[in-house]
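The values are calculated or read from the model by the stated rules, or taken from the named source; none is laboratory data. Bear in mind that the values here come from a model prediction, so they are computed numbers and not experimental data. Cβ sites come from the backbone with ideal geometry, for glycine too, and all protein chains shown count toward neighbours. Note: areas computed on protein heavy atoms with side chains; ligands, DNA, RNA excluded. Shrake-Rupley method; radii C 1.70, N 1.55, O 1.52, S 1.80 Å.
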Amino acid sequence: MDIQRLNEVLAAAGEPAYRGSQVWEWVARGAESYEEMTNLPAGLRGRLEVDLPISTLSVRGEARSDDGTVKTLFDTGDGRPIEAVLMRYRDGRRSVCVSSQSGCPLTCTFCATGKMKFARNLTADEILDQVLHFRRVEAVDHVVFMGMGEPTMNIDNVLAACERLPDIGVTNRRTAISTVGWVPGIERIAEYEKPIALALSLHAPNDALRSQLMPVNDRYPLSEVLAACDRYRAKRRRKVFVEYVMLDGVNDLPEHARELAALLDPRIYKINLIPYNPTGAYDGSSPERIEQFRAILHEHRVPATVRLTRGRDIDAACGQLAAKAAA
Ligand code: SAH
């Protein structure tokens, strides 16, 4: 919901200031229409119905996976495509993966979003409306900024959205921001007083290979990125999750595992190995190769887990978001 516009409409209607919070409370609890907001005067409800859409986003399409994952394609008010994914887990967890930008200005070679045209940063309202879309169906308790875009390049709006996520039922502790290693953005998250989780897309244990996979590494090389993550750990007292996408024959060899183990201090980092979701450029490592990689890390006392892939059958898995319907 466009909160600024809400306040303008309320002011024009001569309504007291507290009406804004009343409306937001309803929306945050999953109200689908103004009709439900029974503590608002009927006349005002009618006026809002006409003057202010309940979401800044319109739904263009939806896909459902056999594993319960739902991917929704939205259009912003100015027609930019974005996608968000609801993941349902057996233990009851409901996690929404949100986009922070339409498209992405970075060009990681393995990622589908990187091939899409970059449009613009999303507003805090547009980020929250992705979560609210799913909140209208069921309660959600986790949010990950792992959809389209690089959240740290839109950090003001991302943090503004984080401020209001607890109203929707998602604490900052259960919110994670994933970054390619954009150093000023990591600094901001370290300075932010709330305990937001930090995930780093590392994908390679040395600069040469990382630059090949992620051109952003030329701007912020490994040593600078890891120094920023160390500072986050020291300030926020939370470990950093390292994401490492497993590319067959590229970054998944035993020597890469050993190099990675030497690079990462297990007191600071937890590694999550991500099976590659093919988007054309590479082949994914076999499950045996991933297991061998994990075992080598383990031998070096660096614990690692393998990410459960969700929604692959509907192109909703990591790195597959590219708003194909819009292309
Ligand atoms: N720009 C941020 C947020 C995107 S998060 C970041 O890069 O961290 C999406 C995660 O999925 C990142 O770790 C990204 O590297 C990873 N990813 C991208 N393409 C993928 C693919 N095809 N298969 C598996 N993971 C992929």
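Consider Y232 against the criteria (1) within 14 Å of the ligand (Cβ to nearest atom); (2) touching a helix residue (DSSP H, G or I) at 6+ places or on another chain (Cβ under 9 Å); (3) open to solvent by less than 60 Å² (accessible area, probe 1.4 Å): it satisfies all of them except one. Which criterion is unmet?
Of (1) within 14 Å of the ligand (Cβ to nearest atom); (2) touching a helix residue (DSSP H, G or I) at 6+ places or on another chain (Cβ under 9 Å); (3) open to solvent by less than 60 Å² (accessible area, probe 1.4 Å), only one is false for Y232: (1).
For segment 250-262, check the following and say yes or no: at least one residue is within 12 Å of the ligand (Cβ to nearest atom) and modelled with pLDDT of 95 or more.
Yes, that holds for at least one residue.
Take T305 and tell me if it is within 22 Å of the chain's Cα centre (by Cα), in a loop (DSSP other than H, G, I, E, B), within 20 Å of A204 (Cβ to Cβ) and not hydrophobic (A, V, I, L, M, F, W, C).
no
On the basis of being within 16 Å of the ligand (Cβ to nearest atom) and either open to solvent by less than 20 Å² (accessible area, probe 1.4 Å) or in a helix (DSSP H, G or I) (or both), does V245 make the cut?
Here the answer is yes, as V245 does meet what is asked.
Just one of (1) open to solvent by 10 Å² or more (accessible area, probe 1.4 Å); (2) more than 19 Å from E150 (Cα to Cα) trips up P105, so point out which.
(2)
Residue check, T72 against (1) hydroxyl-bearing (S, T, Y); (2) assigned to a loop (DSSP other than H, G, I, E, B); (3) touching a strand residue (DSSP E or B) at 6+ places or on another chain (Cβ under 8 Å), all met but one. Which one?
(2)
On the basis of being open to solvent by less than 50 Å² (accessible area, probe 1.4 Å) and either more than 30 Å from V137 (Cβ to Cβ) or among the hydroxyl-bearing types (S, T, Y) (or both), does N277 make the cut?
no
Considering only residues that are within 12 Å of the ligand (Cβ to nearest atom) and not aliphatic (A, V, I, L, M), which ones fall in segment 269-299?
Listed by number, the residues that qualify are N272, P275, Y276, N277, P278, T279, G280, Y282, D283, G284, S285.
If you check A17, A11, which single one turns out to be at pLDDT below 95, over 22 Å from G169 (Cα atoms) and of a type in the set (G, A, S)?
A17
Considering only segment 291-327, how many residues are modelled with pLDDT under 85 and either charged (D, E, K, R) or at negative phi (or both)?
Qualifying residue count, segment 291-327: 17.
Pairs, please: C-beta under 9 Å, at least 6 apart or cross-chain, first residue away from the ligand (no atom under 16 Å from the Cβ) and in segment 191-214, second open to solvent by 10 Å² or more (accessible area, probe 1.4 Å) and in a loop (DSSP other than H, G, I, E, B)?
Note: pairs meeting the criteria are K194/T171; P195/T171; P195/R237; P195/R238; D207/P221.
Sort out which residues of segment 54-65 are touching a residue at least 24 places away in the same chain (Cβ under 8 Å) and open to solvent by 40 Å² or more (accessible area, probe 1.4 Å), and write them in order of number.
Answer for segment 54-65, where residues must be touching a residue at least 24 places away in the same chain (Cβ under 8 Å) and open to solvent by 40 Å² or more (accessible area, probe 1.4 Å): V59, R60, R64.
In the list L73, L40, which residue meets the criterion of being free of Cβ contacts under 8 Å to residues at least 40 places away in the same chain and more than 30 Å from S211 (Cα to Cα)?
L40
Take N217 and decide whether it is buried (at least 19 other Cβ atoms within 10 Å of the Cβ), under 25 Å from the mean Cα position of the chain (by Cα) and part of a loop (DSSP other than H, G, I, E, B).
no
Could we say that H142 is over 19 Å from R173 (Cβ atoms) and not acidic (D, E) here?
no
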